[in-house]
Amino acid sequence: MAKGSDLLVAALENEGVDRIFGIPGEENLDVVESIRKSSIQLVLTRHEQAAAFMAATYGRLTGKPGVCITTLGPGALNLTTGAAYALLGAMPMIMITGQKAILSSRQARFQIVDIVTVMKPLTKLSRQIVSAATIPAVVREAFRVAEEERPGPVHLELPEDIAAEACQDVPLVPPHPVELPLANATALDRAAQMIMQAKSPLLMLGAAASRPRSTADLAQFVLRTRIPYFTTQMGKGTVPGGTELYMGTAALSERDYVHEAIEQADLIVTIGHDTVEKPPFIMGINGPKVVHVGYLPANVEQVYFPQAEVIGDLGPSLKLLADRIEGKIPHAQALLPLREGILNRIAARATEDRLTPQRLVHDVREVMPSDGILALDNGMYKIWFARNYRTQVANTLLLDNALATMGAGLPSAIMAAILYPERRVMAVCGDGGFMMNSQELETAVRLGLNLVVLIIEDHAFGMIRWKQAVDRFPDFGMTFGNPDFVTYAAAYGAKATRVGEVGELRPALENAFTGGGVHLVIVPVDYSENTRVLVDELQQRLPIVPRV
């Protein structure tokens, strides 16, 4: 005889789950015991929100759902930000929460919150398991829903009496590969005709282009067509930088230097664009035509309304499109002469002897190998890394341009360090975002990870403070004090270095990596560049004159 929790864990093993992140409670004790006897590792975190961020990042990096577990009520409610993070970011994840017994009511309504209903708008599926015998089928369905396009989170609630319920062994449901449909031939022909007729075509690589299953085919598409491309923030790195066709990243919605190319394009082919991202450009009636190539049809928005769509499995569909147009695009590189001017202006002043955002990005890039993984929290520095940090490998710059929540940087980096112990991994956090989940330093130290955490210290919620100033509001309500981060790191058993001068940053980062373990590097920042570049300079942007 098995019990419900045994069936649950066996079903998770059947799906290939090797780790579960979270903080169990009284209502999960049967599940914890079943995990103890299984091949699955239970990774205890110090906050449920961090467990969700880790599970979501597992899904982002592998394409397979990450799994997290919490107790009922307050523990389950702490997953909601992580659920929204995975939903908007299209990251497959399974959340398992406990609940009081449903066949009896010995504790009345103590700690009971209707988590299934709470999770419905934050997930692709949220359901309570009411019978042990149904668990294998429910788990298989949960993983199918989480993985299928568009990926996202699924929530399962397992009451403690169902977890403890004895039942006959129930056969597990074997997973099977699901092949996505290819784009329709007529749609491919229409798109091909538009691309071949374009006078100044441009590609845009969006968030869905970074799915692990599609990056190789996407790189081949760019090489075969030789059309220059730019990326959204979450589409960075999807094509190797050596193509010499990269035009920049749209860290802003308009008026940045990369928009010189966008404004001169007569056709933009968006590949994997997801409108949950902050708009990389604003479509207008008189602007360029747009061909949407994606797993799913476009969401028509005020700022995005494509004139043609190619819908299907991204990689194979791009191959079919390239078969139609390779060598037949007479004006493929019409916009390429703009490239040098755009990239040079973006990279300007990156080596100045001040701790500006550009200098921080430059020095971080110098110490990170091409396959090194950078996990950003959310703050003003995210715009600078999106604009200035050049990537060559997919999913090596993990940033959130969908929910854009603070507090995700450190947990995301921890997950990357677990998955790729042989690669350099760095979290980049503002002092505000770092302190939201800084307790996970203990998790990283306990797991014996090699991880560098760069803390950009300005004693303020810098992005909102900057926006407050740009909108001419008084400077109010945005500043705070910090602990001594060197002492704080030592309290967790981590190391730390405080940078005071610009020349100290790169050696400090290099020493942190070579020394191993968990190492904080704390650096002040000169954010005067926010206004000088992102407001004053871009408002006076002059057109880049193409070379002849």
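What follows draws every value from the coordinates through simple rules; no lab data is involved. All values derive from a computational prediction rather than experimental measurement. A quick note on method: Cβ atoms are made from the backbone with ideal geometry, for glycine too, and the neighbour counts reach across all protein chains shown.
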Could you please rank Tyr420, Tyr295, Tyr304, placing first whichever residue has the fewest other Cβ atoms within 10 Å of its Cβ?
-> Tyr420, Tyr304, Tyr295
With a/c under 1.5 counting as rounded, go ahead and sort the range 1-146 into rounded, prolate or oblate using the C-alpha gyration tensor (a ≥ b ≥ c being the square roots of the eigenvalues; past the cut-off, prolate if a/b is larger than b/c, else oblate).
-> rounded
Using Cα atoms only, what is the angle between the long axis of helix 48-62 and the major principal axis of the chain, expressed in degrees (0 to 90) to the nearest 10?
-> 60 degrees
Would you mind ranking Leu419, Leu103 so that the residue whose beta carbon has the fewest other beta carbons within 10 Å leads the list?
-> Leu103, Leu419
Unit charges on C-beta of K, R, D, E only; dipole of the range 2-167, Debye | 300 debye
If one compares the long axis through the Cα atoms of helix 505-515 with the longest principal axis of the Cα atoms of the chain, the angle in degrees, nearest 10, works out at 40 degrees
Tell me, in nm to one decimal, what length is gained between Glu263 and Arg506 on full extension, where the rule is 0.36 nm per residue of separation less the Cα-Cα distance?
-> 83.8 nm
Straight-line reach check, Lys199, cutoff 25 Å on alpha carbons, 8 or more apart in-chain or any other chain, hits among lysines -> Lys289, Lys319, Lys328
Using only Cα atoms, locate the centre of the range 395-456 and the centre of the range 303-319, then give the distance between them in Å, rounded to an integer.
-> 33 Å
The range 347-534 -> Rg/Rh from Cα coords, Kirkwood Rh, value 0.94
Which distance in Å, rounded to a whole number, links the C-alpha centroids of the range 165-190 and the range 55-99?
-> 22 Å
Quick one: order Lys37, Lys100, Lys120 by neighbouring beta-carbon count within 10 Å, fewest to most.
-> Lys37, Lys120, Lys100
What is the Cα convex hull volume of the range 1-65 when expressed per residue in Å³?
-> 81 Å³
Between 0 and 90°, nearest 10: helix 4-14 axis offset from the chain longest Cα axis = 40 degrees
Using alpha-carbon positions, the gyration tensor of the range 185-339 gives root eigenvalues a ≥ b ≥ c; with a/c under 1.5 called rounded, otherwise prolate if a/b exceeds b/c, else oblate, the class is rounded
Among Gly327, Met54, Pro288, the residue whose Cα sits farthest towards the positive end of the charge dipole of the chain (+1 at Cβ of Lys and Arg, -1 at Cβ of Asp and Glu, taken about the Cα centre) is Gly327
Above-threshold pairs, the threshold being 23 Å between Cα atoms, out of Lys124/Lys236; Lys64/Lys100; Lys3/Lys120; Lys467/Lys495; Lys236/Lys382 | Lys124/Lys236; Lys64/Lys100; Lys3/Lys120; Lys467/Lys495
Which of the trypsin sites (Lys or Arg not before Pro) found in the range 313-376 are in a DSSP loop and have at most 15 neighbouring Cβ atoms, other than their own, within 10 Å?
-> Lys328, Arg349, Arg354
Please work out which option in [x] 0.99; [y] 1.04; [z] 0.96 gives Rg/Rh (Cα atoms, Kirkwood Rh) calculated from these coordinates, and answer with its label.
-> [x]
